[in-house]
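Each value in this text was obtained by applying a stated rule to the coordinates, not by laboratory testing. Worth saying up front: this structure is predicted, and the values here are computed from it rather than measured. Ideal geometry is used to build each Cβ from the backbone, glycine not excepted, and the neighbour counts take in all protein chains shown.
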Amino acid sequence: MAECLDSVTEAWGVKVERVEIKDVRLPIQLQRAMAAEAEAAREATAKVIAAEGEMRASKALKFAALEISQHPIAVQLRYLQTLNNISSGKDSTIVFPVPIEMLKFFKQDSAELDLRLNTTQSEQEEVESPRRSTASISKHHDWECVLNHSSSQSAERV
């Protein structure tokens with residue numbers, strides 16, 4: 001820059017010692033390109049930082065899972081703690097995820113309960129048959145009703 005100025009100003013006998021640039025106006029297209037480049041660099045840095053955080057979090061979760069798996073009761077305690085945290089909100093809907101194995105357990109218990117109810121019902125009928133000969137049994141949905149035509153009660157739940 002100094003050489004360009006000196007070649008023009010020497011003919012006039014002027015020596016330029018210092019030049020100050022006060023304002024630089026870049027074309028709008030160049031400004032946009034530079035801004036996009038800076039934004040892309042910031043986004044790339046943010047993604048790297050987020051990925052490093054995810055890696056640390058996954059390592060911590062892996063470690064916690066290994067620790068909790070060594071103590072089965074800890075899993076239940078963590079589950080209850082999570083439910084407590086969820087329910088502390090004002091307007092929250094809680095969905096209880098139930099493992100399939102647990103549903104099989106209830107199905108078995110339900111079958112055993114039906115068997116017991118049927119056995120108890122049969123035994124009760126044998127005992128009451130001389131007294132109530134007009135009794136009839138009907139089963140609607142999961143309710144068992146004994147209809148007694150000779151007494152004042154129309155239905156009682158067993």
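So the values come out like this:
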read-out: Count of residues meeting criterion [in a loop (DSSP other than H, G, I, E, B) and surrounded by 10 or more Cβ atoms within 10 Å (Cβ to Cβ)] in the range 2-26; value: 3
read-out: Counted residues, the range 27-75 - those being surrounded by 10 or more Cβ atoms within 10 Å (Cβ to Cβ) and in a loop (DSSP other than H, G, I, E, B); value: 1
